[in-house]
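**Q** Take this structure, written in structure tokens, and hold onto it; I'll ask about it next.
The values are calculated or read from the model by the stated rules, or taken from the named source; none is laboratory data. Being a predicted model, the structure only gives us computed values, none of them experimental. Cβ placement follows ideal geometry from the backbone for every residue including glycine, while neighbour counts extend to all protein chains displayed.
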């Protein structure tokens, strides 16, 4: 059974390994190697950090990073969801992203965004099933191994947070 719980620093070794597995696919991120603990910790919000655990093993993680340091964007965050290669297709990503959405709204975040390589169809479908919509393709956003890569930009607006001003 998969349990979703709050991330602790002790989980980082497993998180780093899963992150590197995603990087190694070539379709998860522009990163070429997993961030160190210090880099990862400083790039993610201190809230909204989750791990998926099966037995005593971390099999996935999800976290939010700020899109800007400007106060006006404090309620907007970028989603990261990674699942261990041997745990994919078991609903781990769905459980992580569903809980991440709940946690984000509890932390007054009204919009989530995701940048996903178009080749990563599983991730695009996961986000769509969780209420994200495609905004468009950012063509030739960056080079990876000498090849220009496009990125699908997706967003999810909360139906709970940030409604008063709309």
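**Q** Starting from residues that are out of contact with any strand residue (DSSP E or B) (no Cβ under 9 Å at 6 or more places or on another chain) and farther than 18 Å from residue 76 by Cα, keep the ones in region 134-164 and report whichever is surrounded by the most Cβ atoms within 10 Å (Cβ to Cβ).
**A** 144
**Q** Here's another thing I want to ask about it. Among the strands (runs of 3 or more DSSP E) contained in region 69-166, which hold 1 or more residues that are farther than 28 Å from residue 13 by Cα? Step through it out loud before you land on a result.
**A** Working: elements: 76-83, 111-116, 133-144, 147-157.
Those strands (runs of 3 or more DSSP E) span 111-116, 133-144, 147-157.
**Q** Looking at region 55-87, which of its residues are over 10 Å from the mean Cα position of the chain (by Cα) and closer than 18 Å to residue 161 by Cα?
**A** 66, 67, 71, 72, 73, 74, 75, 76 - these are the residues of region 55-87 that are over 10 Å from the mean Cα position of the chain (by Cα) and closer than 18 Å to residue 161 by Cα.
**Q** Sticking with this one: With the requirement that a residue be in contact (Cβ under 8 Å) with a residue 60 or more places away in the chain and in a helix (DSSP H, G or I), what does region 26-52 give you?
**A** Scanning region 26-52 gives no hits.
**Q** Can residue 30 be described as at pLDDT below 95, touching a strand residue (DSSP E or B) at 6+ places or on another chain (Cβ under 7 Å) and either surrounded by fewer than 20 Cβ atoms within 10 Å (Cβ to Cβ) or more than 12 Å from residue 83 (Cα to Cα) (or both)? Let's see the steps before the verdict.
**A** Values: at pLDDT below 95: yes; touching a strand residue (DSSP E or B) at 6+ places or on another chain (Cβ under 7 Å): yes; either surrounded by fewer than 20 Cβ atoms within 10 Å (Cβ to Cβ) or more than 12 Å from residue 83 (Cα to Cα) (or both): yes.
Taking the combined requirement at face value, the residue satisfies it.
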